[in-house]
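Trainee: Handing you this structure, nothing more for now.
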Amino acid sequence: MSGPYPETPDGRYFVAKRRLWRRSDPALPEDQRQAAVNALMDARRAVRDAADEESRRRARRDVDAAKQRLGERGPVWWTDGAKDWTRFSPENSPYADWFAGLQPEARSAAGF
């Protein structure tokens, strides 16, 4: 586990709040990744600080655009044709055996 949440052995997902969440594209050049992270943080602050619903909608679109640039949404970044299991419970996915074998503290970090 390299972060606070368990990551699947193939590096495609981490598990939080009892769900699989797609990780950023590891092939993204660092400067592009950092620019997208900066844009994501700006957009999240704009959602928080929105004065009206239209501003909030615009900020949420910016959040989505940044997450797509990172590879966390939109087309998957892997090329083997495997299905996207984002938002599935790891117990109801091809990662079930891996997840069942995790240590209790890792399962707890994932919300189980």
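Every read-out reported here was derived from the displayed coordinates using simple, explicitly stated rules and does not represent laboratory data. From a predicted model like this one, the values you see are computed outputs, not experimental measurements. Every residue, glycine as well, gets a Cβ built from its backbone with ideal geometry; the counts of neighbours run over all protein chains shown.
Trainee: Given Cβ point charges of +1 (Lys, Arg) and -1 (Asp, Glu) and nothing else, what value in debye, to the nearest 20, does the dipole of the stretch 28-71 about its Cα centre take? Mind dumping the intermediate values first?
Mentor: On the way: 11 positive and 9 negative charges, 31 e Å.
Roughly 140 debye, rounded to the nearest 20.
Trainee: Under a GNM of the chain (C-alpha, springs under 10 Å), which listed residue has the highest mean-square fluctuation: 67, 83, 17?
Mentor: Of the options given, 83 has the highest mean-square fluctuation.
Trainee: For a quick check, take a GNM of the chain with Cα springs below 10 Å and name the residue from 49, 80, 25 with the largest mean-square fluctuation.
Mentor: Fluctuation is largest for 80.
Trainee: Something else now. Quick check: net charge around residue 39, other residues with Cβ under 9 Å of its Cβ, Lys/Arg +1 and Asp/Glu -1?
Mentor: Working: positive: 69; negative: 42, 62.
Counting the neighbours of residue 39, the net charge comes to -1.
Trainee: Once you've got the GNM for the chain with C-alpha springs shorter than 10 Å, pick whichever of 57, 18, 87 has the biggest mean-square fluctuation.
Mentor: 57
Trainee: Based on the alpha-carbon gyration tensor of the stretch 28-86 and its eigenvalue square roots a ≥ b ≥ c, which shape applies: rounded if a/c is under 1.5, prolate if not and a/b is larger than b/c, or oblate?
Mentor: Oblate is the answer for the stretch 28-86, as a/c is 1.5 or above yet b/c matches or exceeds a/b.
Trainee: Could you state the angle between the C-alpha long axis of helix 30-49 and the longest principal axis of the C-alpha atoms of the chain, as a value from 0 to 90 degrees rounded to the nearest 10?
Mentor: Roughly 70 degrees, rounded to the nearest 10.
Trainee: Report, largest value first, the span of the C-alpha coordinates of the chain along each principal axis, in whole Å.
Mentor: Largest first, the chain extends 46, 29, 23 Å along its Cα principal axes.
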